[in-house]
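Trainee: The structure that follows is given in the form of structure tokens.
Read-outs: derived from the displayed coordinates by stated rules, not from any lab. Keep in mind it's a predicted model, so treat the numbers as computed, not measured. Reconstructed Cβ throughout: ideal geometry from the backbone, glycine too, with neighbour counts over all protein chains shown.
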Amino acid sequence: MFPEGEYSAKAPDTRPTARILLVRDAAVQPDPLFGQVFKRHTHRGVYEQRTPDAAALQALRESVKGLPVHVGLVTRGEDAAMVRHAQIAMDAWRTELVTPRTLLESYHVLRIGPKEIVQHRDGIALNTRMVRVVDSLGLFDRTQASAPDSSEIKGQLERFNAAIASTPAYFWLSTTQNDRRTQLLTGRAYVRAQLTATAQGLSMHPLSQALQEYPEQAAHHQAVHQLLGATERGHTVQMWTRLGYGPAIGPSPRRGLEAHLAKA
Ligand SMILES: Cc1cc2nc3c(=O)[nH]c(=O)nc-3n(C[C@H](O)[C@H](O)[C@H](O)COP(=O)(O)O)c2cc1C
């Protein structure tokens, strides 16, 4: 990890995150989670009503053993906590959408329709008929933040809030440290947890808005750290996700391996 040193706490730089050595070794059994890699997708839609069962939740807890993270889980039945999770997630999402600067950050990486999606293979892919039509008519100006009461923002909030309303469980990872190495290992933990969820038929959808550190989110950042017991333990919440059963969905576009490798 960080073979040329860790980035500062302020911002990532161009130094590599990791050096990876691929060694063929017939004696090593692949981790069974590899079998889930091509099935794992981020599901942002409405989930089924049923609550994840205890065995699935236990598998999630065990999946990150040995990594420096604390796992949190809450399900239907713990209704007061569920209501708070839902409220903070919706408030934070709204803040992101009505803050012109953060909304434009997303607009700048929107890929609308098959042509843009294939061309970029990253960012936020939108391919519904409605959005494509509006865009092709020149009615969607991606250089201007939509007004909070516009149909775009109202529609996004409605879809998000419906997804939240359907959510039967939330999952989170917090850490005592917040250095780059811990962040990287948390990424590893999240991948392991999501692959384990996939093996259990479960989907995850990160809710990162309240975890972000820009001033407009400060109240939600504080609220979620309080709710998850992170404030009292001095933890940083690194990932917070919805968790539930959703219909199968296809893969997101990818830029491919070459785009991520440092040239020697
Ligand atoms: C640290 C981190 C935070 C993320 N937060 C969000 C989020 O808040 N909302 C969201 O829709 N996607 C979020 N994503 C993106 C998705 O989880 C996912 O990585 C991406 O959309 C690729 O799709 P896939 O998981 O289907 O391959 C986040 C990803 C990472 C690595």
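Trainee: Check whether at least one residue in region 169-187 is away from the ligand (no atom under 15 Å from the Cβ), crowded, with 18+ Cβ neighbours inside 10 Å, hydrophobic (A, V, I, L, M, F, W, C) and not in a helix (DSSP H, G or I), and report yes or no.
Mentor: Among the residues of region 169-187, at least one is away from the ligand (no atom under 15 Å from the Cβ), crowded, with 18+ Cβ neighbours inside 10 Å, hydrophobic (A, V, I, L, M, F, W, C) and not in a helix (DSSP H, G or I), which makes the answer yes.
Trainee: Also: For residues that are in contact with a His (Cβ under 8 Å, 6 or more places away or on another chain), touching a residue at least 24 places away in the same chain (Cβ under 8 Å) and more than 10 Å from the ligand (Cβ to nearest atom), tally how many sit in region 200-214.
Mentor: Summing the residues that are in contact with a His (Cβ under 8 Å, 6 or more places away or on another chain), touching a residue at least 24 places away in the same chain (Cβ under 8 Å) and more than 10 Å from the ligand (Cβ to nearest atom) in region 200-214 gives 0.
Trainee: Given the residues 259, 197, 223, which is the only one that is within 17 Å of the chain's Cα centre (by Cα) and either more than 13 Å from the ligand (Cβ to nearest atom) or of a type in the set (A, V, I, L, M, F, W, C) (or both)?
Mentor: The unique qualifying residue is 197.
Trainee: Among (1) of a type outside the set (Ser, Thr, Tyr); (2) surrounded by 14 or more Cβ atoms within 10 Å (Cβ to Cβ); (3) over 24 Å from residue 63 (Cβ atoms), there is one condition residue 194 misses while meeting the rest; what is its number?
Mentor: Every listed condition holds for residue 194 apart from (3).
Trainee: Can you pull out the residues in region 17-65 that are loosely packed, with under 10 Cβ neighbours inside 10 Å, more than 16 Å from the ligand (Cβ to nearest atom) and over 16 Å from residue 168 (Cβ atoms)?
Mentor: 20, 21, 22, 23, 24, 25, 26, 27, 28, 29, 30
Trainee: Can residue 231 be described as free of Cβ contacts under 8 Å to residues at least 40 places away in the same chain and more than 11 Å from the ligand (Cβ to nearest atom)?
Mentor: The answer is yes for residue 231.
Trainee: Name the pairs: first residue in region 81-93 and under 15 Å from residue 168 (Cα atoms), second residue of a type outside the set (Lys, Arg) and in a helix (DSSP H, G or I), Cβ to Cβ under 6 Å, at least 6 apart or on different chains?
Mentor: Every condition considered, the pairs that remain are 84/227; 86/164; 89/164.
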